[in-house]
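Please treat every number below as a calculation from the coordinates, not as lab data. Note that this is a predicted model, so its numbers are computed, not measured.
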């Protein structure tokens, strides 16, 4: 780290202010507008970056420190997902995750780091019913 610090110097005050232990108001807005995210997970076997996407708002916030990501966004028969569950398997081995939310055409992204768990809690699944179908699981991320 000393060598990196010597090369790059200190982080800018703006960059340091952006790091929080909760989802901020601008973060809530970007998450609500985002149709796409990348979920990074890791296990002793390696690292996985899984794309997840659907209509904006497919990720819900339970509170300022808890995000809910349905395991199969959209729940529409022609978009069932690939069933690889690499990220969900990694979460069992190592709960640490990184997420980047993106909105096409926006010049900003929103990054969330935290701990995740897989849930099949009926109350959480019910939040994501689309066209009478619910997800098989929900990824619960604590910031």
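Miscellaneous remarks
- GNM on the chain, alpha-carbon springs under 10 angstrom: the most fluctuating residue among 62, 30, 125 is 62.
- Residue-averaged 222 nm ellipticity for the chain, from DSSP H runs of 4+ at -39500 (n - 2.57), nearest 500: -6000 deg cm²/dmol
- Among 121, 45, 63, residue whose mean-square fluctuation peaks in a GNM of the chain (springs only between Cα atoms under 10 Å): 45
- Gaussian network model of the chain, springs between alpha carbon atoms under 10 Å - residue of 84, 65, 14 with greatest fluctuation: 14
- The calculated Kirkwood hydrodynamic radius for the chain is 16.2 Å, given to one decimal from all distinct C-alpha pairs.
- Relative contact order, whole percent, for the chain stands at 26, derived from Cα pairs under 8 Å and 6 or more residues apart.
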